[in-house]
Amino acid sequence: MVLEGSATCLKYLLFAFNFMFWLSGCAILGVAIWLRIDVQTMQYVRVGEDLETFYIGTYVLIAAGALVMLVGFLGCCGAIMESPWLLASFFAFLVLIFSAEVGGGAWAFLHRSKLEDYVREEFQLIVQTRYDQESYETTTKLWDQLQISLRCCGGEDMTDWNLSFWGSYHPRDVPDSCCMRQERRCGRWGLTKKIGMFRQGCSSRMVSFFSSRLLIIMCVGLAVAILQLMGMIFSLMLCCALRGRRGSEPIDNDSNSKPPAVVV
């Protein structure tokens with residue numbers, strides 16, 4: 001009777017956990033879709049030609065969210081049907097997903113500094129050689145929008161314009177998008193002005209922006225990892241309880257206990 005009660009308790013506990021796990025898959029999928037279609041994020045990513053590799057990460061998150069939802073559904077079915085095979089499959093999927101998350105998290109942690117270096121190099125390239133060039137008209141417009149939105153000027157700081165190709169034709173000037181108050185020719189002599197200009201570089205602003213997005217992803221990932229560990233523990237406990245209950249069921253030996261008939 002104690003074993004039966006424990007198995008029943010684990011059954012509904014695992015079902016409740018898997019429902020939460022399914023909801024976490026929905027959260028991952030929702031965050032990934034938001035990062036992919038967010039207007040502000042799209043605007044910033046489009047500035048650099050190679051920064052669009054950011055979308056690869058969002059596609060991976062979309063696939064991961066869909067997989068977590070599928071595994072959560074599998075776990076719910078295994079708990080309700082009391083199927084050791086489904087529970088074992090659920091456990092195997094959790095181990096694979098958890099291992100992939102640990103590996104991906106370790107890789108991201110070891111390469112986190114490369115994001116900042118990459119952004120700085122890309123932004124310096126835009127400011128020094130691409131801004132206001134005929135073949136980079138779209139990049140120029142996006143960069144102006146970036147400076148206005150992030151309230152920044154230049155790559156590292158506003159003095160980058162003095163060393164740029166654009167600055168060779170506009171000495172001591174900065175683009176009008178560096179002005180706090182947008183007016184025509186407000187950037188004239190901008191390098192010598194003390195007020196009314198954005199002075200912080202766009203590289204540090206952009207890194208802070210992406211770091212805030214990555215923090216959201218890390219928080220969601222940590223919550224999912226905790227749920228996965230709980231799921232692995234509960235699924236193993238329920239499998240053991242189900243096998244123990246089935247092993248303790250009495251075998252019907254009535255047909256074997258009858259004495260053989262005597263033929264006269």
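The values are calculated or read from the model by the stated rules, or taken from the named source; none is laboratory data. These figures come from a predicted structure and were not determined experimentally. Cβ placement follows ideal geometry from the backbone for every residue including glycine, while neighbour counts extend to all protein chains displayed. The protein model used for the area step is the full one, side chains on, heavy atoms only, and it has no ligands, DNA or RNA in it. Shrake-Rupley method; radii C 1.70, N 1.55, O 1.52, S 1.80 Å.
Modelled spin labels at I226 and S211, positioned 7 Å past Cα toward Cβ, are 2.4 nm from each other. If only the Cβ of Lys and Arg carry +1 and only the Cβ of Asp and Glu carry -1, the dipole of region 67-153 around its Cα centre is close to 200 debye. When the residues W34, W166 are ordered by accessible surface, computed with a 1.4 Å probe over the protein chains alone, the sequence from largest down reads W34, W166. Look at the alpha carbon pairs under 8 Å that are at least 6 residues apart: their mean separation over the length of region 106-222 gives a relative contact order of 26 percent.
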